[in-house]
Amino acid sequence: MVKIEQLNGVTLAYLGDAVYEVFIREHLLAGGTTKVNELQRLAKHFVSAKAQAALINLMVEENFLTEDEERIYKNGRNAKKNTKAKNTSVVTYHMSTGFEALIGYLDITDDKKRLQEIIDFCIEKVEAGATDAE
């Protein structure tokens, strides 16, 4: 069993990236899209660093996160990373890492109800065009 206190923000983001991607892929498939190129195009609106940074900004602005969740996000955002941002600014990349760390944290602590609430928030905001992200 993994001990949560042994996981840093980047490790949580590693897990959160995969968890969030699966939720989004399942959502897109449930919507009836079956062509892979179209699925990948649509997924970018949800899973790009720019989209994730916009979503976490909305969560903070709307006070959607608990204090603990915001702390986890900030720890992930501020964690030392050994990789560089690709096709985005460093700030956006760090924010998206924090977003993914939060997702990873909720998954590994088995808080499936809250994880689903956050995923639903993200889907709703992207589909409403609130993020402008691709």
Practice item. Among the residues of the range 4-23, write down those that are under 21 Å from Ala49 (Cβ atoms), part of a helix (DSSP H, G or I) and touching a residue at least 60 places away in the same chain (Cβ under 8 Å). Key: Gly9, Val10, Thr11, Leu12, Ala13, Tyr14, Leu15, Gly16, Asp17, Val19, Tyr20, Phe23
**Study point:** Among the candidates Val19, Val2, residue that is of a type in the set (Val, Ile, Thr) and modelled with pLDDT of 95 or more
**Key:** Val19
Check your understanding: In this structure, does Glu100 turn out to be under 20 Å from Glu117 (Cα atoms), of a type in the set (Asp, Glu), touching a residue at least 24 places away in the same chain (Cβ under 8 Å) and in a helix (DSSP H, G or I)?
Key -> yes
Practice item. For the range 48-65, enumerate the residues that are in a loop (DSSP other than H, G, I, E, B), out of contact with any Phe, Trp or Tyr (no Cβ under 9 Å at 6 or more places or on another chain) and touching a residue at least 12 places away in the same chain (Cβ under 8 Å). Key: Ser48
Review point. Within the range 47-55, is even one residue among the basic types (Lys, Arg) and surrounded by 15 or more Cβ atoms within 10 Å (Cβ to Cβ)?
Key: yes
Review point. If we keep just the residues of the range 110-134 that are touching a Leu at 6+ places or on another chain (Cβ under 9 Å) and among the β-branched types (Val, Ile, Thr), which is farthest from His45 (Cα to Cα)?
Key: Ile118
Review point. Counting just the residues of the range 20-41 that are surrounded by fewer than 19 Cβ atoms within 10 Å (Cβ to Cβ) and among the hydrophobic types (A, V, I, L, M, F, W, C), which one comes out farthest from Cys122 (Cα to Cα)?
Key: Val36
Review point. Quick check, is Ala101 closer than 19 Å to Gly129 by Cα, of a type in the set (Gly, Ala, Ser) and under 16 Å from the mean Cα position of the chain (by Cα)?
Key: no
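The values are calculated or read from the model by the stated rules, or taken from the named source; none is laboratory data. Since the model is a prediction, treat every value here as computed from it, not as a measurement. Glycine also receives a Cβ, built like all others from the backbone with ideal geometry; neighbour counts cover every protein chain displayed.
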